[in-house]
Amino acid sequence: MFVAEGEDLVAAAVAEPVDLLVAGEDVSPELLAEVSTLAHPPRVIGVYRRDDLPRGTRPVTLALWHVADPGNVGTLLRSADAFGAGIALSPGCADPTGPKALRASMGALFRVPIAEFDAAAGRRIALVPHGGTPLPELDLNGDIVFVLGAEREGLPPEVLASCEVHASIPQQGESLNVAMAGTIAVYELARR
C-alpha cells in the first residue's frame, strides 16, 4: 500500500483507492494534517495498492541504475509519461511510490508501466556524461532502452559492458542531472 496526498494526485490516479480520506467529511482536518508529510496539509489522501499500478515494458524504456534520489525517479516517471516510455528500476533505486517520488511524478506513476532493470527488451544505450557517441547522431530505430546511472557514481563497468552503445548529450557544461538527461533522451527519440 502507498498514500497519495492532495487533490491533484488523487485525481490523477487511475487505480481505485482502497480508502479515501477527505478533510471535514471522513476525517477531521487536524487529523489529516497530523498524518500528512506535506508542509501544507492536503484536503484529501488516497490509499492505493502497489499491485494496481501498471507493470511491464514499452518499446522505449528508461532503465535506472541505483538512482536513489526520489525526486529524480519521480521526474523521470513524468518524462516517461510525456513521451510514451516505460521505466525499469534496479535494486537501490528510490521507491517510486514514496511521497517525494510520487509528488515529483505528478501522478505519472499511475500511468507509466514499471519493470525490473533487466526486463526491458531492446538496444541498450548507456547515457554517459562524456565520450559517447553524440545522441543526435545515433540511429534510434526499433526498441530502445536508455540506461542511466546515479549522478555521483554513474554506471558501473559491468552495466556499461552490457550496453551496445554509449551515448552522450552534447553540452557545454560539466554534466546534466540524471532526470534532465533522461528527459532529453526520450525527447530526442520522440522528435524524430
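Data table
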| read-out | value |
| --- | --- |
| Some residue of the range 35-57 being under 30 Å from L127 (Cβ atoms), surrounded by 20 or more Cβ atoms within 10 Å (Cβ to Cβ) and within 18 Å of the chain's Cα centre (by Cα) | yes |
| Positions within the range 82-136 being more than 18 Å from N177 (Cβ to Cβ) and charged (D, E, K, R), in sequence order | D95, R111, E116, D118, R123, R124 |
| Whichever residue in the range 143-152 is modelled with pLDDT under 95 and outside any strand (DSSP E or B) and, among such residues, is surrounded by the most Cβ atoms within 10 Å (Cβ to Cβ) | E151 |
| Looking only at the range 119-142, and only at residues there that are aliphatic (A, V, I, L, M) and part of a loop (DSSP other than H, G, I, E, B), the one that is nearest to S175 (Cα to Cα) | V128 |
| When residues of the range 170-187 are limited to those that are at pLDDT below 95 and within 20 Å of the chain's Cα centre (by Cα), the one farthest from L135 (Cα to Cα) | N177 |
| Subset of the range 65-87 [of a type in the set (G, A, S), closer than 22 Å to L160 by Cβ and surrounded by fewer than 24 Cβ atoms within 10 Å (Cβ to Cβ)] | A68 |
| Residue ID - nearest to P96 (Cα to Cα), chosen from residues in the range 22-58 that are among the small types (G, A, S) and either free of Cβ contacts under 8 Å to residues at least 12 places away in the same chain or assigned to a loop (DSSP other than H, G, I, E, B) (or both) | G56 |
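The values are calculated or read from the model by the stated rules, or taken from the named source; none is laboratory data. Everything numeric here is computed off the predicted structure, so don't read it as measured data. We place every Cβ from the backbone using ideal geometry, glycine too, and count neighbours over all the protein chains shown.
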